[in-house]
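Reviewing the structure listed below.
The values are calculated or read from the model by the stated rules, or taken from the named source; none is laboratory data. Everything numeric here is computed off the predicted structure, so don't read it as measured data. Cβ sites come from the backbone with ideal geometry, for glycine too, and all protein chains shown count toward neighbours. When the accessible area is computed, the model is the full protein with side chains, heavy atoms only, and any ligands, DNA or RNA have been set aside. Shrake-Rupley method; radii C 1.70, N 1.55, O 1.52, S 1.80 Å.
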Amino acid sequence: MGTTNIVLCGLGGQGILFMTRVLAEAALDRGLNLMCAETHGMAQRGGSVVSHLRIGDVKGSLVQEGTAHLVMALEENEGYRNLPFLAEGAGFYVNADSRRFPREGLVPFFEKKGIRFRSVDAGELAMEIGAPMSLNLALLGFFAAFGDGPLSHEEIRGTVGKITSSRLREINLRLFDAGFERGSAAAEGRGGQYGNE
Amino acid sequence: MEREEIVLGNGAIAMGLVESGCRILTSYPGTPSSEILPEVVRRVKAEGLNTYIEWSTNEKVALDNAFAAAVAGKRSACCMKQVGLNVAADSLMSAAYIGNIGGLLIISCDDPGPHSSQTEQDTRFMARLAKVPVLDPADPQEAREMVKFGMDLSEEFQIPVVLRPAIRVCHARQNISPGPIKISEQKASFEKNPSRWAATPKFRLKLHGELNLKLKQIGERFSSARQFNFHNLEQGSHYTLGIVAGGVPSAVIRDILAEEGRDDIPLLKIGTPFPFPDALADEFASACDKLLVIEETDALIEYLLRDRNKVMGRLTGHVPEQGELVPEVIYGIMRRVLKDLGLKPFLKKEDRDVKELVNGLGLPVRRPSLCPGCPHRASFYAIRKASPKAIFTSDIGCYTLGLNLGGVDTCLDMGAAITMASGFYHAFSQDEKKQPIVATIGDSTFFHSGTAGLLNAVYNNARFVLVILDNEITAMTGMQPTPGIGIRADGTEARPISLERVTKGCGVDFVEVVDPYDLKGMNDTLKKAFAYTEAEDGGIAVIIARHPCVINNRENAIPERIRVRVTDDCTSCSFCLERFECPALYYDDDLGRVNVNRAICADCGLCIQVCPQNAIVEVKEL
């Protein structure tokens, strides 16, 4: 298998490190090698936070611009800030109001590069379920519905259940499943909450 | 086989320390080094090992302590961030001459970027200056191996060894298998030998000679340390271009050359840049017409290669002289050099369009800011209100973000809030000008290097208000205990040090403790303090603004939750947004006034005291 480069981004406190950890642990369970790069320190105080995850036999932890197979954004503008990472044919998964996504002027860029862009209102889902701080799980569930990248829905969901503390397991899985349901509906053409497929 | 773990680079370093038989560990927190010590604590507890671990008050204190333990024969280590090594430099330079008995590993973590530091300085140059070996890992697994190698080397040659992991090692994660732990039974002993342990200049000359001999031998050893230093030359081949790289850039370059399928460009990877593995480098250089050197953060390997005609790098303008060498930067450097030398170009083209597209989106600039509910925000608000014309000297910590509130004018180094305040005072008073000055410093930073400056300022009759922002934790670096709170690195109880007693002991007569959440009380105390600094028989006034960090101790920081809302009395005057700068307050375009972001509001209620229109009110029914 070749390398899969993933860029995860958002704001400090949105749970990017946890989301990265879920994907990394799922990859490790599959017996794959991986490298991640994380943001710590001052930027965590409300600034832009990015983490890189590379699955495969790589030496460096950072994804090179133009080579990410997946960019996942917990905040829409942070997603746009990281557009330079997208490779041709990459997947772009964003927590955003689907009625307004993507913002004006970007569709030609996505189409030129063959980028699959998809959004889910993960913040709203998380609010509905009563765990506004766990929107990362909703986006992860949504992403898992598309079978994009090397990890299956079962592998990702299983890892969420395995590495979440027992206190949060039920609510996290509920959010993950709610995101997955939105994603499945979109993938099957129900609901239409996705981009150009 | 045991299941591999996904380990943070700093966790891998901690693994290496435990596996190497390290018995004494000292540290002062600083990004990107802060997670090493807590990871060692966790592993030592899990294994039931007898390892002494302390958060020291500063890096010099940490290194002196570790050095003494190593003199007593114990394997010891000391970790810090790169600017921390400046504080410990006095200790390092001398320790290099004297040497140690048990292994002594100094871990100094660099921050190319810089992401969270005052400078982009290169620890490898500090090691070169001190004349001690330095190891430069490319990834977490190599860092862990280098810890063990460095500890053995230090003990064999009786010389301190520096490990320099850069931030992309410290904060990388990698899958790693656990390894066997070396149990060191070495008992402490001290053999008196004043000509070494208390060497006078005459003996120092002799020690310097011995140090130079050690370095020569270690340089030869490094040429054969093929686990860290290696190249992929084909025997008998000659190349137009070879790349020499160390540390994190070497990992990036290996990926790039593999992805581009470039067997025509050999790589010499150097993990031990000083003392330089001359024999290995000569072997590589003689097979290449040109050498491109890519290293972080400065140009050490480039200097040590000593070939003006062959070497391209920072000194020749081929590599940027500042900023992190992220993959796309390295790719660009290599692409340009290939073009200059007429070699086959890389496969990927530079995509300028996407950069322009993103720049054209007008994305919000995100600056870090103090957390909602942070007591420092209250302090800065009150300080600026009490004395808007003052010079605000400040220091290193979360509270440097007080600059967003106009409450921070200077930030130099640890402790400089106080020393720059006295410096400003003397500069202005020489001209007989009354210039109010307010210094702000955190509790941990005050313990780190506040007292010497305060003693000096009191003794030399400087006048300023010193506000010690006491949030009872070292917050910025991830909540390490300070000497003020009575908890040690391993969680056991300690004898807490009172800031009141320390400042009084430094000769300050005006010491008052205030809770900054009481904005009026804070304001009144500040006024009293200013009056005291101006009184003939006055002096320096110290205010200890004490309130727990809202992240570390939420229950005590916000004992009573006050839920707020903004009424239609809001005139959009922006006073709260600019002068209080709470991330939970924002201008709501739809409402045409300020609003509260409920998802992040800490319910501290402080903004009620701030709004000039009284348009922020408590929501009574919850």
*asked:* Please report the carbon-and-sulfur percent of the accessible area for the stretch B:1-128; probe 1.4 Å, protein heavy atoms only, DNA, RNA and ligands left out.
replied: 52 percent
_Diffusion coefficient, µm² s⁻¹, Stokes-Einstein with Kirkwood Rh over alpha-carbon pairs of the stretch A:80-124 at 37 °C and 0.692 mPa s_ = 301 µm²/s
*Whole-number D in µm²/s for the stretch B:39-156 (Stokes-Einstein; Kirkwood sum over Cα pairs; 10 °C, 1.306 mPa s)*: 107 µm²/s
_Exercise: per-residue mean of other protein chain Cβ atoms within 10 Å, B:323-331_ = 4
_Using alpha carbons only: equivalent-ellipsoid semi-axes of the stretch B:230-354, gyration tensor based, whole Å_ = 22, 17, 13
*Can you give the Kirkwood hydrodynamic radius for the stretch A:1-94, in Å, rounded to one decimal and based on Cα pairs?*
13.2 Å
_Give me, ordered by chain and number, the residues 5 or more places off B:Leu292 or on other chains with an amide H under 5 Å from its own placed amide H._
B:Gly242, B:Ile243, B:Val244, B:Met312
*Residue-averaged 222 nm ellipticity for the protein assembly as shown, from DSSP H runs of 4+ at -39500 (n - 2.57), nearest 500*: -11000 deg cm²/dmol
_Let's test this: bin the Cα-Cα distances of the stretch B:332-398 at 10 Å from zero up to the farthest pair and state each bin's percent._
14, 22, 16, 17, 16, 12, 2
*For the stretch B:528-622, which trypsin sites (Lys or Arg not before Pro) are both in a DSSP coil and crowded by at most 13 other Cβ atoms within 10 Å?*
B:Arg561, B:Arg598, B:Lys620
*Which ³J(HN,Hα) values, rounded to whole Hz and listed in residue order, are derived for the stretch B:311-325 from phi using the Karplus coefficients 6.51, -1.76 and 1.60 in 6.51 cos²θ - 1.76 cosθ + 1.60 with θ = phi - 60°, glycine and proline given as x?*
8, 10, x, 5, 5, 9, x, 7, 10, x, 8, 9, x, 6, 8
*Enumerate the whole-percent occupancy of each 5 Å bin, from 0 to the last occupied one, for all C-alpha pair distances of the stretch A:43-167.*
2, 9, 18, 22, 22, 16, 7, 3, 0, 0
*How large is ³J(HN,Hα) for each residue in the stretch B:549-558, as worked out from phi by the Karplus curve 6.51 cos²θ - 1.76 cosθ + 1.60 (θ = phi - 60°), to whole Hz, x for Gly and Pro?*
4, 6, 7, 6, 9, 4, 4, 7, 6, 10
*Dipole of the protein assembly as shown (Lys/Arg Cβ +1, Asp/Glu Cβ -1, origin at the Cα centre): which of A:Leu28, B:Ala531, B:Pro160 lies farthest to the positive side?*
B:Pro160
*Where Lys and Arg each count +1 and Asp and Glu each count -1, what net charge lies around B:Asp588 among other residues with Cβ under 14 Å from its Cβ?*
0
*Using alpha-carbon coordinates, inclination of helix B:89-98 to the longest axis of chain B, degrees*: 30 degrees
*Only loop residues by DSSP count here, and only those with at most 15 other Cβ atoms within 10 Å; note down the GluC sites (Glu not before Pro) in the stretch B:231-271 that meet that.*
B:Glu234
*Based solely on C-alpha atoms, express the radius of gyration and the Dmax of the protein assembly as shown in angstrom.*
28.1, 86
*asked:* Give me the dipole magnitude in Debye, nearest 20, for chain A about the Cα centre, with unit charges on the beta carbon: positive for Lys and Arg, negative for Asp and Glu.
replied: 240 debye
_Dipole axis of the stretch B:5-224 (+1 Lys, Arg; -1 Asp, Glu on Cβ), positive-most option in B:Ala46, B:Gly150, B:Thr31_ = B:Gly150
*Dimensionless Rg over Rh [the stretch B:375-550; C-alpha; Kirkwood]*: 0.95
*Give the shape of the stretch B:189-260 as rounded, prolate or oblate, defined through the alpha-carbon gyration tensor: a ≥ b ≥ c are the square roots of its eigenvalues, a/c under 1.5 means rounded, and otherwise the shape is prolate if a/b is larger than b/c and oblate if not.*
prolate
*asked:* I'd like the residues of the stretch B:232-253 whose 1.4 Å-probe accessible area shrinks by no less than 20 Å² going from the isolated chain to the full set of protein chains.
replied: B:Ala251
_Along its three principal axes, how long is chain B when you only count alpha carbons? Whole Å, largest extent first please._
82, 69, 60
*On average over all directions, what projected area in square nanometres does the stretch B:319-472 have, based on the convex hull of its Cα atoms?*
14.8 nm²
*Can you pick out the pairs among A:Lys59/A:Lys162; B:Lys81/B:Lys131; B:Lys81/B:Lys269 whose Cα atoms lie more than 26 Å from each other?*
A:Lys59/A:Lys162
*Using alpha carbons only, how many degrees (0 to 90, rounded to 10) separate the axis of helix B:140-157 from the longest principal axis of chain B?*
70 degrees
*Using θ = phi - 60° and the Karplus relation 6.51 cos²θ - 1.76 cosθ + 1.60, list the HN-Hα couplings for the stretch A:9-26 in order, rounded to whole Hz, with x at every Gly or Pro.*
9, x, 10, x, x, 7, x, 5, 4, 5, 4, 4, 5, 4, 5, 5, 5, 5
*For the stretch B:5-224, what does the alpha-carbon gyration tensor say about shape, rounded, prolate or oblate, given a ≥ b ≥ c as the root eigenvalues, a/c under 1.5 as rounded, and a/b over b/c as prolate?*
prolate
*So which trypsin sites (Lys or Arg not before Pro) in the stretch B:318-416 end up in coil per DSSP with only 12 or fewer other C-beta atoms within 10 Å?*
B:Lys349, B:Lys389
*asked:* Rounded, prolate or oblate, given the Cα gyration tensor of the stretch B:9-65, with a/c below 1.5 counting as rounded?
replied: oblate
*How large, in Å, is the stretch B:564-618 by the Kirkwood hydrodynamic radius built from its alpha-carbon pairs?*
10.9 Å
